[in-house]
């Protein structure tokens with residue numbers, strides 16, 4: 001399958017911005033997603049971006065896509081303790097098969 | 001409420017004893033799929049289904065079976081479970097080409 005890579009851990013102070021990075025190998029990726037997983041729960045869709053977009057903003061969330069470098073990032077503004085979770089990047093070229101990164105565990109320090 | 005449900009949520013079984021994990025969605029989604037989540041490996045796709053009676057293998061299908069006889073249901077069958085199938089399993093559904101919506105997960109321990 002395709003490779004999707006993320007760093008495993010990120011710590012930030014409450015009120016700061018968090019930036020979670022993701023790289024992928026599939027140059028034909030059409031859809032790119034960010035999911036959040038809280039302890040003991042399933043994955044919750046946060047936001048997604050199509051490959052013909054560079055940026056998408058949704059309240060405190062900003063997604064940036066650099067298609068040339070195959071790099072996706074998720075910025076969370078004014079990070080709160082409730083944002084502590086595992087964040088997964090995922091990509092799909094066809095909408096049939098989805099490839100997920102290993103997840104980034106975000107810890108927000110009060 | 002629009003949702004994907006899975007049962008059971010927790011299951012302990014022994015090697016070789018057939019089991020089925022059910023998945024149901026009430027959103028009239030055509031697409032359904034199963035994933036397993038293992039530490040350090042993220043989520044890996046087991047099987048997916050584009051519609052009723054249409055299923056295909058994902059990246060890790062060995063040891064699993066699925067069926068899609070009705071649009072809303074997509075059960076995962078382990079005919080002869082082994083300890084390496086101990087994992088956290090997620091079912092997901094979507095409109096074709098749309099984002100996935102996940103169930104709450106089923107934690108399976110095979111002794």
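Between residue B:109 and residue A:38, the simple label model (points 7 Å from Cα in the Cβ direction) yields a spacing of 2.5 nm. Working from Cα pairs under 8 Å separated by at least six residues, relative contact order for segment B:57-110 is 28 percent.
Against the 2.2 N^0.38 Å scaling, with N counting residues, where does chain B land? I'd like the Cα-based Rg ratio to two decimal places.
Cα-based Rg divided by the globular estimate yields 0.99.
Taking a virtual spin label 7 Å from the Cα of residue B:82 along the C-beta vector, which residues in segment B:48-63 bring their backbone nitrogen under 20 Å of it? Residues B:57-63 qualify, since their backbone N sits under 20 Å from the label point. Look at the stretch B:54-64: the mean tally of other chain Cβ atoms within 10 Å of its residues' Cβ atoms is 1.
Counting only Cα atoms, segment A:1-107 measures 37, 28, 20 Å along its principal axes, largest extent leading. Spin-label model, residue B:70 to residue A:27: label points 7 Å out along the Cα-to-beta-carbon direction sit 4.6 nm apart.
A Förster radius of 41 Å combined with the Cβ-Cβ distance from residue B:54 to residue B:13 puts the calculated FRET efficiency at roughly 0.90.
Of B:50, B:27, the sequence from fewest to most neighbouring Cβ atoms within 10 angstrom is B:27, B:50. Taken along its principal axes, the alpha carbon cloud of the protein assembly as shown reaches lengths of 50, 36, 34 Å, longest axis first.
Bear in mind these aren't lab numbers, they're just calculated from the coordinates by the rules spelled out. In this text, all values refer to a predicted model and were calculated from it rather than measured experimentally. Positions of Cβ are backbone-derived with ideal geometry, glycine not excepted, and every protein chain shown enters the neighbour counts.
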